[in-house]
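Below is one structure, written out as structure tokens; the observations come after it.
The values are calculated or read from the model by the stated rules, or taken from the named source; none is laboratory data. A quick note: this is a predicted structure, and the numbers were derived from the prediction, not measured. Neighbour counts are summed over all protein chains in view; Cβ atoms, including those assigned to glycine, are modelled from backbone coordinates with ideal geometry.
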Amino acid sequence: MGRASLQWTDEMLAALGRDKDAVLAERWGTSAKTVNLKRNSLGIAAFGHVDWTPEMLAALGQVSDASLATRWGISKASVVAKRGALGLAPMDSSRGKHTQHAWLPNEVMLLGTASDADVAAQLGLTVAAVRNARITRGIAAARPDKPPIAKN
């Protein structure tokens, strides 16, 4: 014979969608499938699922991920994942601007021609942004006081 039917309490029903089905199933001594079927029958979204509205999508990259997560009552990881999936740059909350620079071809041509600090000052960027862009593109650092590195 099969198992006795699970007796759903108000507390159990309230927990549906607030944790993973498998975690709840283990806590209650039942299968994840049983929890999944009950949650679905009540129309409760799975834990971590977000129904992204047009307003939420429009805010991605315009406000810090942490602020949006708090505002919407979801995890920061969910915000980061959705923003990343859409190819949107994050907002740097400490300076109120995007943390990624869209490099133009003429700006890329400057990388490695002078010190990262000089290029950063010329472009109005941080030294770290210039250094990261140079390294990502495999461009060697400028060596104004040293002879070029010989390639064998």
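Numbers below:
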| read-out | value |
| --- | --- |
| The listed residue being more than 30 Å from Met12 (Cβ to Cβ) and in contact with a strand residue (DSSP E or B) (Cβ under 8 Å, 6 or more places away or on another chain), out of Gly61, Gly87 | Gly61 |
| Unmet requirement for Glu11, which otherwise passes all of (1) surrounded by 10 or more Cβ atoms within 10 Å (Cβ to Cβ); (2) free of Cβ contacts under 8 Å to residues at least 24 places away in the same chain; (3) not small (Gly, Ala, Ser) | (1) |
| Residue in segment 117-143 that is surrounded by the most Cβ atoms within 10 Å (Cβ to Cβ), counting only those that are part of a helix (DSSP H, G or I) and more than 28 Å from the chain's Cα centre (by Cα) | Val119 |
| Single match in Val127, Val119 (criterion: at pLDDT 90 or above, farther than 30 Å from Glu55 by Cβ and in contact with a Ser or Thr (Cβ under 9 Å, 6 or more places away or on another chain)) | Val119 |
| Members of segment 51-96 that are of a type in the set (Lys, Arg), surrounded by 12 or more Cβ atoms within 10 Å (Cβ to Cβ) and either within 14 Å of the chain's Cα centre (by Cα) or modelled with pLDDT under 85 (or both) | Lys76, Lys82, Arg83 |
